[in-house]
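Remarks on the structure that follows.
The values are calculated or read from the model by the stated rules, or taken from the named source; none is laboratory data. Bear in mind the structure is a predicted one, so any value in this text is a computation, not a measurement. Glycine gets a Cβ as well: all are built from the backbone with ideal geometry, and neighbour counts include every protein chain shown. Accessible surface areas use protein heavy atoms only, side chains included; no ligands, DNA or RNA. Shrake-Rupley method; radii C 1.70, N 1.55, O 1.52, S 1.80 Å.
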Amino acid sequence: MDLENQKNKGVLIVISGPSGAGKGTICKALLEKHPEIKLSVSATTRSPRVGEVDGVNYHFLNKETFLKRIDENDFLEYAEVYGNYYGTPKSNVEEILNSGKDVILEIDIQGALKVKERSEDGVFIFILPPSMEELKQRIIKRGSETPESLMTRFKSAYQEINYVSKYNYAVVNDTVDAAVNKIESILTAEKCRVDRLKETILDSKEDFIHEQLYD
């Protein structure tokens, strides 16, 4: 009964958090360290920008196709933003998960909560800044905010932190390396959960009994 070599379904990892918490940087570092983990590519109806590649940056769809896929229930979540649609294709994610590979969704909080309604076995991780003052400084360092937009973004981030209770795990981004290590520990623990291994254990048990009786 070789459980170690059994292929299990991959883990859906949903990472989000307030603007400035550093979720994008953490995801990039995690994927560089673990190229076997796949990043989900979103679909959109907006036109490609210079240098963007279909299937790499986004799956670029026309509006008719996107709406058809909504009707076919083929998005884990989607939203319309400034006249364009954005969404997470369910069939793409399921294909990767069924191959035994883990998938990361780096999406906003509202999208993550929609995914949670449809994916009971997903792992939802909320990225937090070390402090609100540090969050403010990170937003300022971007250099792209006016005093008014900075205050708006900071207030929004302050409100978004209230959603942390909707997630399975909270990871404080004090340093990127430390945050990545924490996510690695979360994935290790998740892969040892009995409810994830149950079918594999039972199948292996049946194979073992068959071998003893008939071989």
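So that you can scan it fast, the table gives a plain yes or no per residue for (1) of a type in the set (Ser, Thr, Tyr); (2) in contact with a Phe, Trp or Tyr (Cβ under 9 Å, 6 or more places away or on another chain):
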residue	(1), (2)
Val56	no, no
Tyr78	yes, yes
Tyr86	yes, yes
Asn98	no, no
Glu117	no, no
Phe126	no, yes
Ser131	yes, no
Glu134	no, no
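Somewhere in segment 171-181, is a residue surrounded by 20 or more Cβ atoms within 10 Å (Cβ to Cβ), in contact with a strand residue (DSSP E or B) (Cβ under 6 Å, 6 or more places away or on another chain) and assigned to a helix (DSSP H, G or I)? Scanning segment 171-181 turns up at least one residue that is surrounded by 20 or more Cβ atoms within 10 Å (Cβ to Cβ), in contact with a strand residue (DSSP E or B) (Cβ under 6 Å, 6 or more places away or on another chain) and assigned to a helix (DSSP H, G or I).
This table checks each residue for (1) in contact with a Leu (Cβ under 7 Å, 6 or more places away or on another chain); (2) open to solvent by less than 80 Å² (accessible area, probe 1.4 Å); (3) not in a loop (DSSP other than H, G, I, E, B).
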residue	(1), (2), (3)
Val14	yes, yes, yes
Gly20	yes, yes, no
Lys28	no, no, yes
Arg46	no, yes, no
Arg49	no, no, no
Glu52	no, yes, no
Val56	no, no, no
Phe66	no, yes, yes
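Consider segment 80-104 and keep the residues that are of a type in the set (Gly, Ala, Ser) and either open to solvent by 40 Å² or more (accessible area, probe 1.4 Å) or not in a strand (DSSP E or B) (or both). The one that is nearest to Ala29 (Cα to Cα) is Gly100.
Set side by side, the residues Ser149, Ser165 differ, and just one is polar (S, T, N, Q) and open to solvent by less than 50 Å² (accessible area, probe 1.4 Å), which is Ser149.
Of the residues making up segment 37-68, just one is basic (Lys, Arg), free of Cβ contacts under 8 Å to residues at least 12 places away in the same chain and closer than 22 Å to Glu95 by Cβ, namely Lys68. When the residues of segment 122-146 are filtered to those that are basic (Lys, Arg) and outside any loop (DSSP other than H, G, I, E, B), the one that is least open to solvent (accessible area, probe 1.4 Å) is Arg138.
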